[in-house]
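The values are calculated or read from the model by the stated rules, or taken from the named source; none is laboratory data. Since we're looking at a predicted model, the values are computed, not measured. Please note: Cβ atoms are built from the backbone with ideal geometry, for glycine as well, and neighbour counts cover all protein chains shown. The protein model used for the area step is the full one, side chains on, heavy atoms only, and it has no ligands, DNA or RNA in it. Shrake-Rupley method; radii C 1.70, N 1.55, O 1.52, S 1.80 Å.
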Amino acid sequence: MKKDIAIIGGSAAGFFTASLLAQKGLPVRIFEASDSVDPSPRTLIVTSHISDLTGSLCEGTVINKIRQYQLFADGRFATISLRRPDLVIERSKLIQRLAGRAQASGVEILTGRHFLGFKPNGKRLSFAVSTNGDGELVEESTDILIGADGAFSKVALSAGCPKQPTVPLFQAVVRLPKDMPSDATRVWFIPEETPYFYWLIPCSSTHGVLGLITEEEGRGQRSLTRFLERRNLIPLEIQSARIPLYTGEFPIHRRIGQSHVYLVGDAAGHVKVSTVGGLVTGFRGALGVTEAILNSGSSREFRALRLELSLHRLIRKVLNRFSQANYAKLLGLLTPSVKHSLGLFSRDETGTLLLNVFFKEPRLLLLGLRSLLIGR
Ligand SMILES: Cc1cc2nc3c(=O)[nH]c(=O)nc-3n(C[C@H](O)[C@H](O)[C@H](O)COP(=O)(O)OP(=O)(O)OC[C@H]3O[C@@H](n4cnc5c(N)ncnc54)[C@H](O)[C@@H]3O)c2cc1C
């Protein structure tokens with residue numbers, strides 16, 4: 001008999017996983033805490049790799065294309081032109097399309113259902129769900145449980161996983177400065193204010209999102225306010241959230257009795273910690289979970305994703321030690337042929353990108369190694 005699957009969390013990673021499994025003929029149910037599949041609008045920037053994973057699904061959700069990155073550090077400036085543009089996506093539309101595809105593949109979507117916890121029950125898992133509105137408690141059961149319930153996953157907690165580390169993200173919707181092309185993203189490296197970077201991503205010809213990630217909540221908000229003031233930009237709306245950090249140690253599969261529990265997307269910490277993008281890697285995690293379920297635990301995609309995320313972790317370790325002078329040096333080493341490689345390969349193919357870049361400019365490797373070994 002076919003094993004049945006319950007997925008907790010009806011968002012990007014949950015719906016994508018559900019479609020993949022249902023298309024293989026498995027019975028899938030999704031339990032989503034919100035009353036409807038109507039997430040609040042927000043823009044995300046992703047590499048074109050998303051189209052390779054989702055096919056035509058992204059069409060109609062893309063609101064802008066980014067063809068160029070403009071990098072700033074300590075008075076230096078560099079431009080990188082992308083061979084395949086990055087896509088600025090309206091997240092709510094994408095999630096609704098993913099839900100539509102899941103439903104068309106035979107997935108049962110149950111909204112207003114809040115997962116509370118699970119326990120083994122013979123060959124299956126029992127889990128408790130409270131219903132929104134009347135708060136009625138319902139006991140459900142499944143062969144395989146998948147947690148796609150975000151950074152603070154209750155499925156992960158019930159499976160005995162430790163709490164994931166997270167960092168705060170702050171961004172403001174702003175009017176674009178007059179001199180800003182709408183197909184270019186700007187990135188400023190100011191390590192005194194954030195070990196990550198500030199970004200300004202145009203969502204249209206007139207508006208964009210300006211944000212940063214820090215390690216402390218209070219400092220992040222202050223830094224964002226000051227940065228906006230320095231550039232005479234008025235925040236029209238502020239968004240903030242905590243993003244999980246991939247550590248390489250967080251388990252994504254647990255065997256509970258004779259059943260299996262998997263984690264996917266933010267619940268699994270599948271986020272690139274160099275840039276803190278989690279959509280494409282969440283989809284790759286979904287492919288990995290599907291392969292693992294269909295092939296008794298084995299998945300090539302999981303191994304490739306682990307390598308990809310580990311490389312991003314290494315880059316983050318290096319950048320966390322960078323001083324302003326290191327960033328200025330980095331931009332100075334971006335020769336035309338290095339910039340060409342940076343435009344040719346995306347941040348979702350980091351292994352190939354790094355090999356190409358280091359081959360063309362070995363001093364970049366030395367800069368990274370020196371920072372890793374001796375810090376600022
Ligand atoms: C402000 C912001 C900007 C971002 N920008 C980018 C970007 O530009 N590019 C990029 O790639 N990534 C970006 N990210 C990260 C990206 O959005 C996430 O990695 C991705 O959306 C995670 O999707 P998910 O499906 O794993 O989790 P989520 O989208 O968090 O979904 C979890 C779902 O589970 C449900 N849920 C939670 N608990 C329960 C429960 N107990 N019972 C039932 N349901 C439950 C929730 O209601 C939700 O629907 C950004 C994140 C934020 C917050």
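General remarks:
- Residue count for segment 361-376 satisfying the condition of being surrounded by 17 or more Cβ atoms within 10 Å (Cβ to Cβ) and more than 18 Å from S274 (Cα to Cα): 1.
- Cβ separations smaller than 7 Å between residues 6+ apart or across chains give the following pairs from segment 123-144 residues that are of a type in the set (K, R) to residues that are surrounded by fewer than 18 Cβ atoms within 10 Å (Cβ to Cβ): K123/Q258; R124/S141.
- Residue among E308, E291, E301 that is closer than 27 Å to L364 by Cα and among the acidic types (D, E): E308
- Residue selected from segment 225-245 under the condition within 21 Å of the chain's Cα centre (by Cα) and of a type in the set (A, V, I, L, M), by the criterion farthest from P41 (Cα to Cα): L245
- Within segment 1-97, strands (runs of 3 or more DSSP E) holding 2 or more residues that are surrounded by fewer than 17 Cβ atoms within 10 Å (Cβ to Cβ) and touching a helix residue (DSSP H, G or I) at 6+ places or on another chain (Cβ under 6 Å): 76-90
- Taken over segment 69-100, the criterion of being among the small types (G, A, S), away from the ligand (no atom under 14 Å from the Cβ) and touching a residue at least 12 places away in the same chain (Cβ under 8 Å) is satisfied by A73, G75, A78, S81.
- When residues of segment 133-149 are limited to those that are in a loop (DSSP other than H, G, I, E, B) and near the ligand (Cβ under 10 Å from one of its atoms), the one surrounded by the fewest Cβ atoms within 10 Å (Cβ to Cβ): D149
- Of all residues in segment 261-289, those satisfying the criterion of being over 8 Å from the mean Cα position of the chain (by Cα) and under 17 Å from K154 (Cβ atoms) are V261, Y262, L263, V264, A267, A268, G269.
- Every residue from segment 228-240 that is within 8 Å of the ligand (Cβ to nearest atom) and either open to solvent by 60 Å² or more (accessible area, probe 1.4 Å) or closer than 15 Å to G269 by Cβ (or both): S240
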